[in-house]
Structure formats: C-alpha cells, structure tokens
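Just below is one structure, and these are the notes that go with it.
The values are calculated or read from the model by the stated rules, or taken from the named source; none is laboratory data. Remember, predicted model here, so these are calculated numbers, not experimental data. Reconstructed Cβ throughout: ideal geometry from the backbone, glycine too, with neighbour counts over all protein chains shown.
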C-alpha cells in the first residue's frame, strides 16, 4: 500500500531564451511526499520554488520527468483532465489571496464547488468558513475584511473540496506578523487533523513551522531535512498577545 | 446543475459591472427597437393591403380611363377622355365572365347648399348597377333607378357625412339641395362605409345619375371608371385580356400603340402595394441590420476588454478546476444575456414606438408574434456571435499565465 500523494521523478522545466540559450527553472527534481506531511519548500526569489509548486499543483506542465499525484500519472493528462485533478485533489492558497472582488466570502468559497459535481455547495462553503473561524464574516466582501481574514477565506476556499493536498505559495507574504502567525497556526491545526500541506516561502522562520524543509537553489534541491522541532505558531501568537495585553490594560 | 451555476456566475458578473453591462446593451436596444418598428410597420402595411383588396372585392376589377393609372391615385393634368358609357355596355354584352358593370364619373370638388348651410363634397355620377357591383346600397330611401338614368333626373343620394353636415339628425329625404347651381331632390341616404384605404372619407359623397352628371353638372361625354364584377374570381387574367382586346378594338387602337385605359385586378393591386411596402421595408431593415451589427461590434469589443481585465479571475477559476467549456459558457452567457435583455427591452420600446408612430402618421402598425420572435432570435444571435471570440480567448488562457497578470 503506497501512502505517498506526490511522487516526482527528474522533474525539469526548461524555458528557451532567445538565441538558443536555455534556462532551467526546475532541474532534475525528484521528491516524494507522504499523506499527512507538512512540507516547506524554501528558496530565494528566482530559485524555482514557485515553478516547482505550480508543476506539483498541476497549474503548469513540466518539460521533462514524471509526476504522480495520488498514484495517477499527471504528466500525460490533457488540460481538461488536469482541471479535474486540480478541482478534486488540490487546494491553492496564494500570496495575494486572489479573492473575487465585490463577491462575499461565502460565494468566494463556493467557487471551486461551482465546477464540481457537488450539489450542496452553500452548506459546504459555510462549514469551511466556520472551520477557519469566520462564522461571523460569511456575508462580508473582501474589501470589508482584514488581510488575515481574507487569507482565511482563501484557505476555506482551498479546503472546501476536501482535497488531498493544499499548496500555499507565500501565504504570509502580504500579512503582518500577527496575521502571519494566525495563518501558520491554522495550517498547523489542519495538518494535525491529517491534511497534507506544501508551503512555499522564502522566509526561514516561516518555513520552520513545517515538519520537513526542502531547500531549493537554481532549480535544484540542495537539502531535504526533517524539522524535528517545528515552531508552534499558536504558542508564538499567545506570547505576542500576552506582551500586548498589559499595555492595553494599563 | 453545473450549467445553472455557470449561468448564475455570468449574471453575477454582469451585475458587478453595471456601467459596462449598460454600454453593451444600449446598441442592441436601439437595433431591436428599429427592427421591431420595421416589422410592425411592414405587417401593418400588409394588413392594409388585404383590407383594401377585400373592400374592393376579390371578384372585381377596375377599368380606368387613361394609361398607367393606379388605384386611389388622383388624376394628374388633363383627364383622360377615352372611356365612354358605350364601352361599359359593350363589355357587359360581349365578355361572358362579366356579371355586371358599374360605370361612373366624378366631380372632385362640388359646393353643396341646403338653405343657409353649405359643404364641399365629391359628386359621383353612377348607374343603378353601382349598388350590386360595390355591394353598397341606400340605407334610407332609394338608390338611383333606371328611370332616373334615362330621364336625366335631378335626384341625389347622400353619403352619411354629407347628411350629418347639412341636416344633422333631421330626415333629409324629399328635401331640395343645390349642387353648384342645379337643384336636386334627395331620395336616399347611403350605408356608411368609413375611411377608404387611401385615407379619404368614403361617406363624404353625393350620388346622382351618371347621365345627369355628364349633361347638367360637368358637361362631358366620357366617364372615368368602369368597375367590373365577375361571375368568378378564377381566370382573372384571361378576362382582363378579353376586356383589353374589346376596348382596343372599340377605341380603334393600331397594333403597337399603347392602351388608352388601364385595367387593375385585385392581384395587381396586392402586388403593387407589396412592391411599394417592400422597397420601404428593405430600406428600413437595412437600417435595423446596420444598427444591430454595430451593436454587436460594441458588445464584442467590450467583452474582449472585459476578458483582458479579468485575466486574474479567469486564471483563478481555472486554477480551482473550471474547464475550458465552463469559462467559454460563462462569457457566452454574459454576452447573450446582455443582448437578449437588450432585445426584450428593444421589443417593448419598438412596440410602444409603433403605437406612437401609428398615432402620429395614421399608418397602421401591427405587433405580431413574428416581430417578437425576430427580435428574440436576432438579439440572441448577435450575443452568440459577438461573444464567441472573447469567450474563446478567455477559455484559452492558461491558469498560470492568467494568475500572473
């Protein structure tokens, strides 16, 4: 019984530059991710980590190598089949939230379900929003929510289809420290419940919340280590709050 | 289920940008309004033709003095003098298909006086056969009789309008009135016939014996028309040909010279009127088509801009699992919903416009299911055609490219 959700072998993404030059955004990357893992892919900007995530998330196609998601080879799938895989097996969280403007939280979370075969989409979307702690913000538009709340709507949208894997691309990139910790804490809670999470970041302290850290440079994996003592975002947040509380009470 | 949800997405997209939606719609509204107006006017004209033909009678034809005459057209210049009373008598005797003939002549403007009241009316010189041929008799008193005709009697029958003008509700029968300087005794009042297809009041007339008109009023030896009633509506063209041959022989026209009379049959009337209405309609339909096309171009343009502006939204939808088909349908639905809504508004405005047009110009219009169906079909078609290319472009976007924008 194979328990891996991602099996990548020699993944490569080459861009042709003018004049015959080639640029390797992803170079011979092989990795395996098991169900229930919380993996951070870390690298500087331009290291190829986002391209790798896009390929793993079926948003982009590799130019070489093979990729199995949930034991299904996706390298040979058509655009339509890939769309179905993204819809059923993958949830995305982006740096800039990517919520539809002038559309309330509930409808934003319903978005992936519109393209699924589910019929009870409003109930599922409501449950997802409740699970990220936004029960009282269901009918608010993105413009009426804080950055942290907007990102939680985006996480609810990623969760609503009950996917195998959640990909988060710099999810704290646009947030302040406290909101970042809130989001990281939410990911840790989800992972504790068994959700597989792949987090892409360039910040070392954010990556330290994950239980496994893969470092990327120039399109190659330079290290892949288990993080035996991940930082606890929930505790960090309480520490931050307790520092503030005396000030507020004074 | 899923299709319904994509449809809902399309409507929400339209609601989110009302100005854009309005701008897309306005051209279609104008186009469909024009189209509805044109079709209503066309249908109205057709109704009028049928009404005209029915009033004239399907088993009838008309012989006019002079070449190239048409129904309901006033004589220009000198009146034609070629047609004589004897021609009518000969036609009835020699052409077998003719059941009866009603020769007549008219004085277009005559002053009529009764005591201190006066009015202007048309005076028709007719024979007793007028009543059966036109199916139009006296309602009170009597119509012109054979004795009146042979005796050149100074008797007249009033149209209801003339009666109302001069006598009000009083009984005119037996009274004397003056047509010009000649005194006539009133012997009857005609049945009301209302407005003629050309718009004139068919009841503002006075009928006198044809012989009396020719000798005592207009002092001429010719008549203007012979209305012919046939035994059957069949072989209309054959009968027209034998009348033509007879009249050419009687008028001693050499072969090659044109007729000095005109024969009009109901089919000819219909064709003529349709030709006039057809030219008019082609012109207006062209205007409607041009405004629809420009409306469609506007929709296509704004949809293209909209697709470009919403690359991010499209990318997101694809990232979370929308298929090409879903995106394609979303934008096609948006375009079609706009044009169809514009079309329905256009149909309503067009119908209102047709009624206003009718009130102002007296031109009959007719809102039919055809004009509504045309409006719905054309507006949907414009939406689908205008939306196709923008929708394709949106559907072809790669999720990753669109996300970067």
Q: Identify, from the list B:325, B:234, B:318, B:271, the residue that is part of a loop (DSSP other than H, G, I, E, B) and either in contact (Cβ under 8 Å) with a residue 40 or more places away in the chain or over 30 Å from residue B:151 (Cβ atoms) (or both).
A: B:234
Q. Inside segment A:119-131, can you point out the residues that are within 17 Å of residue B:4 (Cα to Cα) and crowded, with 17+ Cβ neighbours inside 10 Å?
A. A:121
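Listed here are the residues, each with its yes/no results for (1) in contact (Cβ under 8 Å) with a residue 40 or more places away in the chain; (2) surrounded by fewer than 21 Cβ atoms within 10 Å (Cβ to Cβ); (3) closer than 23 Å to residue B:218 by Cα.
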site: B:121; (1), (2), (3): yes, no, yes
site: B:133; (1), (2), (3): yes, no, no
site: B:142; (1), (2), (3): yes, yes, no
site: B:148; (1), (2), (3): yes, no, yes
site: B:180; (1), (2), (3): yes, yes, yes
site: B:186; (1), (2), (3): yes, no, yes
site: B:192; (1), (2), (3): yes, yes, no
Q: Collect the residues in segment B:243-261 that are surrounded by 15 or more Cβ atoms within 10 Å (Cβ to Cβ), in a loop (DSSP other than H, G, I, E, B) and free of Cβ contacts under 8 Å to residues at least 12 places away in the same chain, keeping them in residue-number order.
A: B:253
Q) Counting only residues that are crowded, with 16+ Cβ neighbours inside 10 Å and not in a helix (DSSP H, G or I), which one in segment A:76-95 is nearest to the other protein chains (Cβ to nearest Cβ)? A) A:92
Q.
Would you confirm whether or not segment A:154-172 contains a residue that is within 9 Å of chain B (Cβ to nearest Cβ), surrounded by fewer than 18 Cβ atoms within 10 Å (Cβ to Cβ) and either assigned to a helix (DSSP H, G or I) or over 15 Å from the mean Cα position of the chain (by Cα) (or both)?
A. no
Q: Sort through B:325, B:312, B:318 and tell me the only one that's over 20 Å from residue A:57 (Cα atoms) and at the interface with chain A (Cβ under 10 Å from one of its Cβ atoms).
A: B:325
Q.
Looking at segment B:212-221, can you tell me whether even one residue there is at pLDDT below 90, buried (at least 17 other Cβ atoms within 10 Å of the Cβ) and touching a helix residue (DSSP H, G or I) at 6+ places or on another chain (Cβ under 8 Å)?
A. no
(Q) Looking at segment B:274-293 only, could you name the residues that are within 17 Å of residue B:36 (Cβ to Cβ) and surrounded by fewer than 14 Cβ atoms within 10 Å (Cβ to Cβ)? (A) B:282, B:283, B:286, B:290
Q: May I ask you to list the residues in segment A:121-143 that are assigned to a loop (DSSP other than H, G, I, E, B) and within 11 Å of another protein chain (Cβ to nearest Cβ)?
A: A:141
Q.
Being more than 14 Å from every other protein chain (Cβ to nearest Cβ), under 24 Å from residue B:15 (Cβ atoms) and at pLDDT 90 or above: is that true of residue B:352 here?
A. no
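Which of the residues belonging to segment A:97-114 are at the interface with chain B (Cβ under 9 Å from one of its Cβ atoms) and not in a helix (DSSP H, G or I)? Lay out the reasoning, then the answer.
Residues of segment A:97-114 at the interface with chain B (Cβ under 9 Å from one of its Cβ atoms): A:98-103, A:107, A:110-114.
Within segment A:97-114, A:98, A:99, A:100, A:101, A:102, A:103 meet the criteria.
What residue, of B:174, B:159, is under 20 Å from residue B:108 (Cα atoms) and out of contact with any helix residue (DSSP H, G or I) (no Cβ under 6 Å at 6 or more places or on another chain)?
Details: B:174 fails: under 20 Å from residue B:108 (Cα atoms).
Step by step, each of B:174, B:159 is checked, and only B:159 is under 20 Å from residue B:108 (Cα atoms) and out of contact with any helix residue (DSSP H, G or I) (no Cβ under 6 Å at 6 or more places or on another chain).
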Q) (1) outside any helix (DSSP H, G or I); (2) under 30 Å from residue A:62 (Cα atoms): which one isn't true of residue B:367, the others all being true? A) (2)
Q: Out of the residues in segment B:4-13 that are more than 9 Å from chain A (Cβ to nearest Cβ) and within 14 Å of residue A:100 (Cα to Cα), state the one that is farthest from the chain's Cα centre (by Cα).
A: B:13
Q) Before we move on, is residue B:230 crowded, with 18+ Cβ neighbours inside 10 Å and farther than 26 Å from residue B:140 by Cα? A) yes
Q. Going by the conditions given, is residue B:237 within 26 Å of the chain's Cα centre (by Cα), farther than 18 Å from residue B:122 by Cα and in the same structural domain as residue B:127 (by TED's automatic domain parsing)?
A. yes
Q.
Going residue by residue through segment B:364-378, is there one that turns out to be under 16 Å from residue B:300 (Cα atoms) and more than 14 Å from every other protein chain (Cβ to nearest Cβ)?
A. yes
